[in-house]
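The values are calculated or read from the model by the stated rules, or taken from the named source; none is laboratory data. Only a predicted model underlies this, so the values are computations on that prediction, with no experimental measurement involved. Don't worry about glycine lacking a Cβ; one is built from the backbone with ideal geometry, like all the others, and counts go over all protein chains shown. To get the accessible areas, we keep the full protein, side chains included, count just its heavy atoms, and leave off ligands, DNA and RNA. Shrake-Rupley method; radii C 1.70, N 1.55, O 1.52, S 1.80 Å.
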Amino acid sequence: MPPEHTTSIADLIRQGERSLSFEFMPPRDEAGAEQLWTAISELEPYAPTFVSVTYGAGGTTRDKTVHITGRIARETSLVPMGHLTCVGHTRAELERILDDYAAAGVHNVLALRGDPKDGPRAEWTPTEGGFTHACELVSLASNHGSFSVGVAAFPGGHPGAESVERDSEVLLEKQRSGAEFAITDMVFRAADYAELVERSSAIGVDIPILPGIMPILNLAQVARMAELSGREIPAEVRARVERYADDPVALRAEGIAMAAELCEKLLADGAPGLHFYTLNRSKATRQIFEALRITV
Ligand code: FAD
C-alpha cells in the first residue's frame with residue numbers, strides 16, 4: 001500500500017521547531033529526470049517538513065507535476081506539495097487537477113495565479129470560466145476534499161501590486177480564503193522579509209510565512225530569475241558577488257556564505273523555517289546546511 005501523505009504542511013510547520021523545505025521543478029528530459037531524482041534522494045536524509053514541485057508557466061507541466069508529486073508520495077518518506085496555477089484553466093479543469101492530486105496521494109497544494117506568458121508585468125487575461133486572482137483558487141482548493149493550501153508572498157511586494165500595503169491586503173485575503181501558510185519569492189535581505197511579516201501581521205495575517213532562499217552561485221542566472229518575477233537584486237548584495245565576477249569558484253563560495261548568513265539572520269529574527277529553491281540540485285543546499293551546522 002502506498003503511504004497516504006494526508007499530513008497538513010500547516011500543522012507540520014506549527015508543530016515543528018523549524019521547517020525546512022525544498023522546491024523542485026519538472027525536468028525537461030531524461031537527463032533532467034535523473035538529476036531531479038538524485039537531488040531528491042540526496043536531500044531526503046535531512047527529513048524536510050515537505051518538498052514542493054512547481055507548475056510550469058501556461059499549465060505546460062500539469063501531468064508532470066502531478067506525476068512527480070505522486071511518485072514522491074509513493075516512493076519516498078517525504079511529504080509532497082504540488083503547485084497549481086490558474087493560467088489557461090477553467091474552474092472545472094482545476095477541480096479535475098485537484099482530484100488527480102488527491103488520487104496520487106498529494107494533499108498539499110500551493111495555489112497560485114501564475115503569470116501571463118509575457119511575464120509578471122504583462123496584462124493578465126483570465127481564462128473564460130476560470131479565475132482572476134489566486135484567492136479564488138485558494139478558496140476552491142481548501143473546500144475541495146482535504147487539501148492544506150499554501151500561497152505565494154512577496155518581499156517588497158508583487159510587481160503588479162499598487163503598493164506594499166495592498167500586497168499585504170492580498171495576503172490577508174488569501175488567508176481569509178483558506179490559505180494556511182505562505183512561501184515567499186527569493187529573499188535577498190533579511191530586512192525585506194521582516195518588513196513583509198511586520199506589515200502583514202499588523203493587519204491580521206497570522207499564517208506562517210516561509211522565506212524562499214536562492215543562493216547566488218551564478219549572478220547572471222539569478223538576476224534573470226529575479227527579473228522574471230519583476231525584481232532586481234539589491235545593489236549591496238550584487239556588489240558582494242560582483243567582486244568575484246572573474247572567479248567562479250570564489251563566487252560560488254561567497255554565494256554560499258551569503259546564503260548561510262541570510263538563513264541564520266532569518267531564523268534568529270523568528271522565521272518559522274527556510275524554503276530552498278534547489279533548481280533540482282542538492283549540492284548548494286547541502287553546503288548551506290554544512291555552514292549552518294544542520295546535519296542529517
Ligand atoms: P495573486 O494573488 O492573484 O496576485 C497577482 C496580482 O493581482 C498581484 O499584483 C496582486 O496584488 C493582485 N491581486 C490579487 N488579488 C487581487 C484582488 N482581489 N483585487 C485586485 N488585485 C488583486 N508561477 C508558476 O507559473 N508556477 C509555479 O509553480 C509558481 N510557483 C511559485 C512559488 C512561489 C513560492 C512564488 C512566490 C511564486 C510562484 N509562481 C509560480 C509565480 C506566481 O504565479 C506569480 O508571482 C504571479 O504573478 C502571482 O501569483 P499569486 O498567486 O500571488 O497571484
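General observations
- Filter result for Ala31 (closer than 24 Å to Gly270 by Cα, modelled with pLDDT of 90 or more and surrounded by fewer than 18 Cβ atoms within 10 Å (Cβ to Cβ)): no
- All positions within the stretch 94-126 that are within 15 Å of the ligand (Cβ to nearest atom), open to solvent by 40 Å² or more (accessible area, probe 1.4 Å) and over 20 Å from Glu173 (Cα atoms): Lys117, Asp118, Arg121, Glu123, Thr125
- Flag set for Arg71, criterion: in a helix (DSSP H, G or I), closer than 18 Å to Thr7 by Cβ and open to solvent by 30 Å² or more (accessible area, probe 1.4 Å).
- Against the conditions (1) open to solvent by less than 10 Å² (accessible area, probe 1.4 Å); (2) within 12 Å of the ligand (Cβ to nearest atom), Glu162 satisfies every one except (1).
- Qualifying residues in the stretch 47-66 (those that are away from the ligand (no atom under 13 Å from the Cβ) and surrounded by fewer than 17 Cβ atoms within 10 Å (Cβ to Cβ)) - the one modelled with the lowest pLDDT: Asp63
- Of all residues in the stretch 133-155, those satisfying the criterion of being in a loop (DSSP other than H, G, I, E, B) and over 16 Å from the mean Cα position of the chain (by Cα) are His133, Asn143, His144, Gly145, Ser146, Phe147.
- Conditions (1) closer than 15 Å to Ala191 by Cβ; (2) out of contact with any Pro (no Cβ under 9 Å at 6 or more places or on another chain); number of the one not met by Arg286: (1)
- Residue in the stretch 78-88 that is assigned to a helix (DSSP H, G or I) and touching a Phe, Trp or Tyr at 6+ places or on another chain (Cβ under 9 Å) present: no
- Search result, residues across the stretch 66-99 that are among the acidic types (Asp, Glu) and closer than 20 Å to Glu23 by Cα: Glu75
- Subset tally (residues that are open to solvent by less than 10 Å² (accessible area, probe 1.4 Å) and either on the phi > 0 side of the Ramachandran plot or away from the ligand (no atom under 12 Å from the Cβ) (or both)) for the stretch 74-93: 2
- For Ala141: the one exception among (1) within 13 Å of the ligand (Cβ to nearest atom); (2) farther than 24 Å from Ser229 by Cα; (3) at pLDDT below 95: (3)
- Search result, residues across the stretch 191-242 that are free of Cβ contacts under 8 Å to residues at least 60 places away in the same chain, of a type in the set (S, T, N, Q) and open to solvent by 10 Å² or more (accessible area, probe 1.4 Å): Ser201, Asn218, Gln221
- Picking from residues in the stretch 165-190 that are more than 7 Å from the ligand (Cβ to nearest atom) and open to solvent by 50 Å² or more (accessible area, probe 1.4 Å), the one that is farthest from Ala239 (Cα to Cα) is Arg176.
- The set of residues in the stretch 26-39 being of a type outside the set (Gly, Ala, Ser) and either within 16 Å of the ligand (Cβ to nearest atom) or touching a residue at least 40 places away in the same chain (Cβ under 8 Å) (or both) consists of Pro26, Pro27, Arg28, Gln35, Leu36, Thr38.
- Residues (assigned to a helix (DSSP H, G or I) and either at pLDDT below 90 or surrounded by 14 or more Cβ atoms within 10 Å (Cβ to Cβ) (or both)) located in the stretch 243-255: Leu251, Arg252, Ala253, Glu254, Gly255
- Matching residues in the stretch 145-159 - criterion: being surrounded by 18 or more Cβ atoms within 10 Å (Cβ to Cβ) and not polar (S, T, N, Q): Phe147, Val149, Gly150, Val151, Ala152, Ala153, Phe154, Pro155, Gly156, Gly157, His158
- For the stretch 221-262, a residue qualifies if it is within 30 Å of Gly114 (Cβ to Cβ) and among the charged types (D, E, K, R), and the qualifying residues are Arg224, Glu227, Arg231, Glu232, Arg238.
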